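Each reported figure results from applying straightforward, stated rules to the coordinates on display, with no laboratory input. Everything numeric here is computed off the predicted structure, so don't read it as measured data. Quick reminder, even Gly has a Cβ in these numbers, built from the backbone with ideal geometry, and neighbours come from all protein chains shown.
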Amino acid sequence: MSEITKLTRRRKRRDRSKTHSAVITALLTNCPKRPFDEINSSNPNGIKRRALSATTGSENQNCSVVFIDNQSELTIPLRSFDSLLLLLEHVPNLQKLCVKLFADQTPLNVPLCGKPPINLVDFELHVTGNELNFDRFVLLMTSRIRAAKLERLAYFNRTTTDQNYFNGHRWEIFLENSFPRLKQLQFCFDMSIDEIHTRLNPILSSFSSFDTHWPIGHIIWRPHSNKTRLKLFTLPYAFDTLKLSTSNSRLFNHLILKNNFKSVQKLVLDATHGTINEINQQLIELFKQHCLKAHILQIQNIVIPTNDSCSLPLKSSENFTFQYLKHLIINECDGRLFPLLFSLAPYLTTLTVTGYLLIKYFLRIPSPDVSYLTRIQTLELNCMQIDRQNRLNRILTDLPSLFPYLEHLTIDVNPKLYVDLKTIKTMLDVFIELISLKIQRTSKYILDKTPQDDRQVRNYFEIHSLRLHHSDTYEIICKDSQFEIWL
């Protein structure tokens, strides 16, 4: 087949969206305008809708917000408390709302003039950031949702610094006055607290009468920052992510907490200390008694004694394994734990790891036994901390020997470095199972020491890659600091 024929043959473009969008924009007068960020939301039917969220900016213009009509359920991420207030004015028929709010901006107290969602029966709010204190939360609920016939309220705030969230008396007053019909309350708050041993009992005592209707659990744990944290939550635990340290024996000795974490899909372990055998037993206990069906495990800052070693198989109760665990995320971890983790998770196929860990533990000389890595089909590789070109090239060159059966590969590259097109071409041809290849956060592509623009990069791969020649369907995207190939 000639090169011209290969270049001009018909290629079916892969449509990865296949969604329908609908936006009706409403204009609000007398409202400070801010730049808008386009975000995606979805409903249970799989239909994605596009919305607009406001961020800080000029106060001298009108403000446009999205108006969604005839929508009964909505899940949406937002970037400010004000955008949440505005959204609640323009979803009059909404019955179920789930918001993931990044509250890092001081609210501007946007004037409200719309109609609240009086039909709302289910409201779930996940908050990251410190700007949604308890008083603002009460304002949100009383001003925009109090008129609704709310039956379920779920509130997850993982980074609060407001101690009023830990005052049971204020919670009782708020709920009795505003939502007497509430049938289900679920919350979780996590905050660093000094002198926890003297302050814990007063906090728990304030929830004593509250606890009779809404059972309360708590965990004291110490993350990598060494600041003692208190996690307070309703029972059973209702959210999909749980972050803690297994070094804290309080979790395992508290019998009331057993079988109360069935909702957990992602488990984050931070600042765990102990020998490999101790960590093995802690993990087994944690999964067996608390988070049996968690399918994502994230570990970071785990410390093992220098002279400790792993001799598999380790003794475990009834040869227990994590049958549901499919995805392992490693931010910072002693490489001696890798064989243990893979032996406990026989169905692990997705790995998120840093380039630094690959160099430190898997690409060292002499090479360790890494045969267990052949199970990995999806690799998310973060090389943002790799600031030397020779180290990045080494990682990319050795990837096929570590992960020969990859189907999906995503690499984040330090913007200061460049991507060698010949190296990527070799990877593309060697990974015979590869379906998607993504290289993000770089716009520097080099071929024979010469920078290439987007068009040249696409042409190079279409002409020289054996994988593309043997594929009937492929798509190449190369723009906006992202290079992507789909096969």
Hey, can you rank 75-81, 462-468 by average C-beta count inside 10 Å, highest first?
75-81, 462-468
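Taking the Cβ of Thr410 as the centre, find all other residues whose Cβ is under 12 Å away and add up their charges (Lys, Arg: +1; Asp, Glu: -1).
Net local charge, Thr410 excluded: -2.
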Average projected area of the Cα convex hull of segment 409-465, in nm²?
3.9 nm²
Mean projected area, convex hull of alpha-carbon positions in segment 119-162, reported to one decimal in nm², is 3.0 nm²
What is the gain in length, in nm to one decimal, between Lys115 and Asp387 on full extension, counting 0.36 nm per residue of separation less the C-alpha to C-alpha distance?
92.7 nm
Return the subset of Lys360/Lys425; Lys288/Lys326; Lys360/Lys438; Lys100/Lys227 for which the Cα-Cα distance in this structure is over 22 Å, preserving the input order.
Lys360/Lys425; Lys360/Lys438; Lys100/Lys227
Counting sequence-distant residues (5 or more places) and residues on other chains, those with an amide H built under 5 Å from that of Val419 are Lys444, Tyr445, Ile446
Mean Cβ neighbour count within 10 Å, used as a protection proxy, ranking 172-180, 83-91, 348-356 highest first
83-91, 348-356, 172-180
Geometric extent, Cα atoms of segment 318-394 - Rg, Dmax (angstrom):
13.3, 48
Segment 146-251: C-alpha gyration tensor shape, a/c 1.5 cut-off, then a/b vs b/c:
prolate
For labels at Tyr405 and Tyr372 in the simple 7 Å Cα→Cβ model, what's the distance in nm?
1.6 nm
Separation of segment 132-195 and segment 422-459 by C-alpha centroid, Å?
50 Å
Per residue of segment 319-335, what does 6.51 cos²θ - 1.76 cosθ + 1.60 with θ = phi - 60° give for ³J(HN,Hα)? Whole Hz please, x for Gly and Pro, Karplus curve as stated.
6, 5, 10, 8, 5, 9, 6, 10, 10, 10, 10, 10, 8, 8, 7, 5, x
The set of residues whose placed amide H lies less than 5 Å from the amide H of His126, leaving out same-chain residues fewer than 5 positions away, is Val99, Lys100, Leu101, Phe156
Considering only segment 373-487, what is the antiparallel percent among its DSSP beta bridges, to the nearest 5?
50 percent
Dimensionless Rg over Rh [segment 281-412; C-alpha; Kirkwood]:
0.96
